[in-house]
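Working notes, structure below.
Bear in mind these aren't lab numbers, they're just calculated from the coordinates by the rules spelled out. No experiment lies behind these values; they were computed from the predicted model shown. Please note: Cβ atoms are built from the backbone with ideal geometry, for glycine as well, and neighbour counts cover all protein chains shown.
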Amino acid sequence: MNADKQPHPPGPFDTITKYLRRYRGYLIAGGVCIVCSNLLILVLPYITKIIFDLLENKGTDSERLHWVLAMVGLAILSGLFRFLTRRTVIWMSRRVECDLRGEIFRHLLTLSPSFYDRTRTGDLMAKLTNDLEAIRMMVGPGIMHLSSTLVTFVVALAFMLYLSPRLTLYALGPMLLFPLIANRVGNMVHRRAMKIQEHFSVLTAAVQENIAGVRVIKSFRQEDNEVEHFRSLSQKYLGLNMDLARLYAMMVPLLMTLASLLTLIALYFGGLEVMSGAVPLGTLVAFFAYLSMLIWPAVALGWVVSLYQRGKASLERVNRILETEPVIRDEPGELHVGEMRGQIEFSNLRFSYNGTEVLRGINLTIEPGRTIGLVGRTGSGKTTLVSLLARMYPVPRGQLFIDGVDINDWELSALRGQISFATQEPFLFSASIGDNIRFGADSATDEAIETAATTAALTRDVRTFPDGFGTMVGERGITLSGGQKQRTAIARAIVAAPAVLVLDDATSSVDTETEAEINRNLASVLEGRTSIIISHRISSVKQADRILYLEDGRIIEQGSHDELVQQGGHYADLYRSQLLAEQLDKL
Amino acid sequence: MSDVNNYHEEEVLGKAYDARLMKRLLTYIRPYRRWLLLAVVFLLLGSLFQISFAFITQIAIDEYIGSGDQAGLLRMALIFLVAVILASGAAYAQLYITQWLGQKVLHDIRMQVFAHLQSLRLSYFDKNPVGRLVTRVTSDVNVLNEMFSSGVVAVIGDLFMLALIVGALLYYNWKLALITFVVLPLLVLATFLFRAKVRRIYREVRTRVARLNAFVQEHITGIRLLQLFVRENHTFDEFNDINRDLRSVHFRGIYYYAIFFPTVEIIGALSLALLLYYGGVQINEATLTFGELVAFIHLVERFYRPIRDLSEKYNILQASMASSERIFALLDTVPADGGGDGNHSRSFKGGISLEKVWFAYKPDEWVLKDVSFTVEPGEKVALVGATGAGKTSLVSLLYRFYDYQRGSMKLDGVELTDWSLGRLRSHLGLVLQDVFMFTGDYAGNIRLRDQRISDDDVKRALHRVGFDRFLETLPDGIHTEVQERGATLSTGQKQLLSFARALAFDPDILILDEATSSVDTETELLIQKALDELLKDRTSIVIAHRLSTIEKADKIVVLHHGEVREIGTHNELIQQPGIYQTLYRMQYQKPAGQEPSPAAKSK
Ligand SMILES: Nc1ncnc2c1ncn2[C@@H]1O[C@H](COP(=O)(O)OP(=O)(O)OP(=O)(O)O)[C@@H](O)[C@H]1O
Ligand SMILES: Nc1ncnc2c1ncn2[C@@H]1O[C@H](COP(=O)(O)OP(=O)(O)OP(=O)(O)O)[C@@H](O)[C@H]1O
Ligand SMILES: [Mg+2]
């Protein structure tokens, strides 16, 4: 974009100026309509005056009828312009709102998991609705009222100057205070509005978590405590809103007072001038009429300032998202997009989350088509290890290769498109079961879906549902049992027919019999496909070509099941302890 | 279609009865009616002072400037100054009170909605996306802001003014007054047409905003999955549809009020025109003086000012009504019944009995069929069964998250429905299959907001689940931050925390639903040891797929497709052919014909 060429530092408004430029046609048309409708309104009193003159001078009924009709006509014309003003300016503001929301959401989609690790969902929800509304108010009604105010102001000023430059000068003195006050108070409005918007985010996030965690809250009877907590948040929100309201309640009368003081000054000094004969009385009277026209714009100015500052605060909040660069994205330059064979190589890979080292030198080569079992204690780094395959977190150069290509040189979508995961926590969307399975492969046929479901031993459950694969599940799949969710996730992973398949503890909530069935079915799926199976249960990894035992971010044992059992290390211990119960039985 | 199939669509609300809605909305102001009155008084005072400006100017010009009385002019200027200050003071007081009033009322409504939400039954949350409910509590309530903060007071003020002016008009010249009113039916008609259109729009806006929030909520929580499956573009398209849909509703709305407001102005001009024409006729007939007409027209202009204001407020009112409909629909949702009076003074023993319990989430899709078994006080009972057999559902029934349709379920000899909900749940402690972590710290996730649980209790519970080795590495110990949903924890760690949570609450009956499914075996054995001691005389229900965790149970209940198939101890059940025996064989031995039992091999 041309922003690159301009050396000026980016301001908060860069985000919307490009939209304003895009819709400048609407803006210009809107401006013209605003000027026209306001001018017409100013003409109406003039026609009234003509009609009065006619009455005074005994004009005919038909003459009067003409003017009366002209008056109605002008009113209609002015109404038409008002209509067009809204149709253009407000219309444009809705477009800007919609476009900007799209831009933010699109940007959110590119941000990396590490961003979401520290961001609250409620905060983003607030920004996408509440803050955008504030921005829209600034762009739509804000611009509209500002223009009307300016037009009225300029017209009134012009008439005043025409009537008496001298009186105007008296009035103008205090008028210079307007921008000063608007600026001072404006900054205060900005700070307070910012606090309100930030707290609205907190409030939204609190409600979001409360509802998402409703089962925990109910089972531990935390309802009353939650209400009390929410009360304190809501009370604070009230307080912050009052801070702003107090300012607003002060600003409006202040501006009104100022506007009235203009009249006062004009009255006193103007009066003196009249007495000294410098200004005719009639001029003074007419002058007042125009001064009174300034009172409303003064009040409106306060409103516009508040709209502007609120919008600006929200814009800054929104910009914080837009300025966040995705940590993970396609590197510039030639990228690898080819078909993946599934050869994976870790070369002394080290990885830390914000300074805490989780993987400490992983060396590992997996030949295409092999099945790898990964075991290790909770928190040893298994999930982290596989998530790096999809570059969910940044991987240093030269430490992870797929098909001999550094993972950073793979095009992200090509990389992720060919590796498929059944994640440890099976996340489902509120869609039909079929659509959830189809998630990884848009083009999958119904048969493919059913085959995948059958492999995951899900089909017989689905058959018991009246709507079969069309059965809708709730958010996160809440209307399914734990095992059903997991099996849907497995089916989703295999239907994509990837080059590399990762099953992360994917059968932990499935009973032994079903698990055995899935393992049997998987054999054909795993054939010719690199796969990594993470599990705490030996039974799931036993058949793997090679099993890795991970501890504290290092691979401390590897080999086939039999080899490892023979070795008598951690794996053998694990194996024994899983059999302990039975051994006790035998005694 | 079942209601789950309409998951993303909100129910269509019936015809709106504005009067009833309005009456209900106004009840929220009742506690503050004195303040409301005060605000109206200040408003009227303010307008009075405003009007006085004109009078003062008038007098100053006519009496003092004309006669060259400088001292008099100064006096008038000072009076003017006083009037300005008074007007500003009144305006400040009025604005402050109305804003305060509005915020207060909003706070009250927000609290009511939130509190009511806490009382609703779980099935309500199954049916409503999180984002939609969030919208109700936050932005739907905020829509009411304008109505309560400026709307009500201004409307009262405007109506008051209007009444005064109408009286004055009729008093001055009733014939001309009637001519002025001739156009009023037009105004009523315009308002009527506008109302119907615009209400529909606002209703749609509210549902679209809720839909947008629901979409964002869901897809932000699922963002990792989206990215793993390269669904960004597809998701964006879906988002765009919703986003544009909202925009197009707004577009239609703009159209209507872009017509409505000018229409009101035009009607005003029309009435002025009529007045000027017929007033002229009357003047020519000499039934009206010129001065009278001028005065009358001034009044008529004042007459249209509150009407214009009112039409603006009418728009705000429509928006408020549309969102209050949704809010009231939520408030009218019947809460989960709080159960009986829960007057069980005798000591709690902890037996559970089920007799011919039938349960379905949706009519006629039975999940539990004719389930009967008992859990004696102090007994440890294991629930076993294939996935989807109905184990979790059974626990939900015990918690009265859902109510069974037939049969009877008793805790401590008292039917569940006769327990007060709070008392019932206070005896139970549950490790949920789906773990959930809150933003906060470790301690906060264990004790939740229950201040009776001390830091030491928290540490003890963490110790019991073998979390010590992680705790040591944390910078701030149990006060280390936890992110939303425990995003920076491993799944096993989350499960351990969720386990510790149940232990910290020290319940009479402990229920473990797959509590260690994602935990490594070493830790699992450690927990089991701790539990052996902890559960010694405590009733407990354990659901697990790994049989090792349940072998020591006093009783094992095997559930299959929602029916109880086998009941007995481990030793009894492995002797008899059946589901349990098969499961057991699967886990520890290969079926006949394959390699010999690994147990035999390893020693
Ligand atoms: N909230 C719900 N609404 C509708 N149906 C549900 C709901 N929860 C569970 N079900 C259905 O009820 C049946 C039993 O589910 P339940 O969760 O009780 O099984 P489970 O025995 O705990 O299984 P798992 O071992 O997989 O956790 C399943 O078919 C499931 O789809
Ligand atoms: N997004 C994250 N940010 C910071 N730390 C993290 C993050 N994800 C995981 N960790 C930490 O890294 C360590 C390894 O986590 P990981 O999820 O890889 O363990 P795991 O071996 O998969 O465990 P489990 O068996 O419980 O699934 C843990 O100590 C965890 O707390
Ligand atoms: Mg993991």
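Numbers for the structure displayed
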| read-out | value |
| --- | --- |
| Spin-label model distance (nm) - A:R554 vs A:E331, 7 Å beyond Cα toward Cβ | 2.9 |
| Average beta carbon contacts from partner chains per residue of B:125-136, 10 Å cutoff | 6 |
| Positive dipole terminus of chain A, leading residue within A:L163, A:Y353, A:G30 (C-beta point charges) | A:L163 |
| Span-like helix ranges in chain B, DSSP H, alpha carbon extent 15 angstrom or more, Kyte mean at least 1.0 | B:33-59, B:152-172 |
| DSSP H segments from chain A that extend 24 Å or more along their own axis, Cα-based, with Kyte-Doolittle mean of 1.6 or above | A:143-163 |
| Lys, Arg +1 and Asp, Glu -1 on Cβ, resulting dipole of the protein assembly as shown about Cα centre, debye, nearest 20 | 2700 |
| Length released on extending from B:K552 to B:T417, taking residue separation times 0.36 nm less the Cα-Cα span | 45.4 nm |
| Cα shape, the range B:1-113, gyration tensor, a/c 1.5 rule | prolate |
| Label point 7 Å beyond Cα of B:L26 along Cβ direction - residues of the range B:136-176 with amide nitrogen under 15 Å | B:148, B:151-160 |
| Global geometry of the protein assembly as shown, whether rounded, prolate or oblate, following the gyration tensor of its Cα atoms and the 1.5 cut on a/c | prolate |
| Entries in B:K127/B:K362; B:K529/B:K552; A:K218/A:K485; B:K356/B:K391 that, when Cα-Cα distance is taken, lie over 18 Å | A:K218/A:K485 |
| Leading residue at positive end of dipole, chain B (Cβ point charges), from B:S347, B:S67, B:A382 | B:S67 |
| Computed E for A:T60/A:F159 - FRET, C-beta separation, R0 30 angstrom, nearest 0.05 | 0.45 |
| Gained length - B:Q581 relative to B:E533, 0.36 nm times residue gap less alpha-carbon distance | 14.5 nm |
| Straight-distance crosslink candidates among lysines, where the alpha carbon sits under 17 Å from A:K195 and sequence neighbours closer than 8 are dropped | A:K127, A:K236, A:K312 |
| Label-to-label distance, nm, for residues given as A:D435 and B:E63 (7 Å Cα→Cβ offset) | 7.8 |
| The range A:424-497 shape via C-alpha gyration tensor axes, a/c threshold 1.5 | rounded |
| Cβ-placed point charges (K, R +1; D, E -1), dipole of the range A:492-587 about Cα centre in debye, nearest 20 | 220 |
| Compactness of chain A as Cα Rg over 2.2 N^0.38 Å, two decimals | 1.44 |
| Förster radius 30 Å - calculated FRET efficiency between B:D456 and A:E198 (Cβ-Cβ, nearest 0.05) | 0.30 |
| Estimated inter-spin distance, B:E292 and B:L193, nm [label 7 Å along Cα→Cβ] | 3.6 |
| Anchor B:K459: aspartates and glutamates whose Cα lies under 17 Å away (excluding residues fewer than 8 positions away in-chain) | B:D441, B:D450, B:D468, B:E472, B:D476, B:E481, B:D506 |
| Overall dimensions of the range B:225-384 by Cα: Rg and Dmax, Å | 34.8, 105 |
| Förster-model FRET efficiency, 60 Å R0, A:S352 and B:D18, C-beta, rounded to 0.05 | 0.45 |
| Given charges at Cβ of Lys, Arg, Asp, Glu: the range A:169-234 dipole, positive-most of A:G186, A:S234, A:Q222 | A:G186 |
| Rounded Å value of the spacing that divides the Cα centres of the range A:49-108 and the range B:539-582 | 80 |
| Dipole magnitude of the range B:2-331 about its Cα centre (Cβ charges: Lys, Arg +1; Asp, Glu -1), debye to nearest 20 | 1020 |
| Peptides ranked, highest mean first, by Cβ atoms within 10 Å: ranges A:486-499, B:347-360, A:53-66, A:366-379 | A:486-499, A:366-379, B:347-360, A:53-66 |
| Mean ellipticity per residue at 222 nm, deg cm²/dmol - from DSSP H runs of n ≥ 4 across the protein assembly as shown, formula -39500 (n - 2.57) | -20000 deg cm²/dmol |
